[in-house]
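To start, the structure itself, in structure tokens.
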Amino acid sequence: MPKVYLDAIDQRILAALQLNGRLSNVDLAAKVGLSPSPCLRRVRFLEEMGLISGYRATLERENIGLGLTVFVGIKVERHDDGVATNFQSSIQNLPEVTSCYLVSGESDYLLEIVVPDLAGYQKFLTDTLLKLPNVRDIRSNFAIQKIKAASPLPLDHLRDCDSDHQR
């Protein structure tokens, strides 16, 4: 459940901005059936509530020389707050790590890493990953082909919340 009530117009705004974050307010308003002023107020509200965390361009990795994506499972030495905080802080400033998740299962963390090629990954692995604090085990999975990546989030579950709210 979302933390705030989102009506159908809010949902359409979110869907439209996920597909094209560069829409002008006038175009967005027309697309969702509002005039520009109330549309802008709603977008600002969605931003303030933390539902929209930013806008950015999606780059084609291969076209800018980042042809290798590696999913890396990392186990840490022990499970305590200090180890977790230390590891998570270390990951924050590594631009090659495009996402990092605390996970359950065989690994403690799952990282998505982008590098130019296998030699670039080997260098990143030996010079950086293996030197991270409290790392016990690293398992690398190489992406062979991108099937689907960085797609808009599904919003259909919000319609259920909308109908529940109207009752």
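Values computed for the structure shown
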| quantity | calculated |
| --- | --- |
| Answer residue from region 15-40, given it is of a type in the set (A, V, I, L, M, F, W, C) and under 24 Å from the mean Cα position of the chain (by Cα) and is farthest from residue 59 (Cα to Cα) among those | 28 |
| Conditions (1) of a type outside the set (Phe, Trp, Tyr); (2) within 30 Å of residue 9 (Cα to Cα); (3) surrounded by 10 or more Cβ atoms within 10 Å (Cβ to Cβ): number failed by residue 148 | (3) |
| Residues satisfying the stated conditions in region 46-63, i.e. assigned to a helix (DSSP H, G or I) and either in contact (Cβ under 8 Å) with a residue 24 or more places away in the chain or of a type in the set (S, T, N, Q) (or both) | 46, 63 |
| Filter result for residue 97 (surrounded by 11 or more Cβ atoms within 10 Å (Cβ to Cβ), without any contact (Cβ under 8 Å) to a residue 24 or more places away in the chain and of a type in the set (A, V, I, L, M)) | yes |
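Quick grid of which residues meet (1) closer than 30 Å to residue 121 by Cα; (2) part of a helix (DSSP H, G or I):
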position	(1), (2)
5	no, no
15	no, yes
18	no, yes
34	no, no
72	yes, no
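Laboratory data are not the source of any read-out in this text; all were calculated from the coordinates shown. These figures come from a predicted structure and were not determined experimentally. For neighbour counting, all protein chains shown are included, and Cβ atoms are generated from backbone atoms with ideal geometry for every residue, glycine included.
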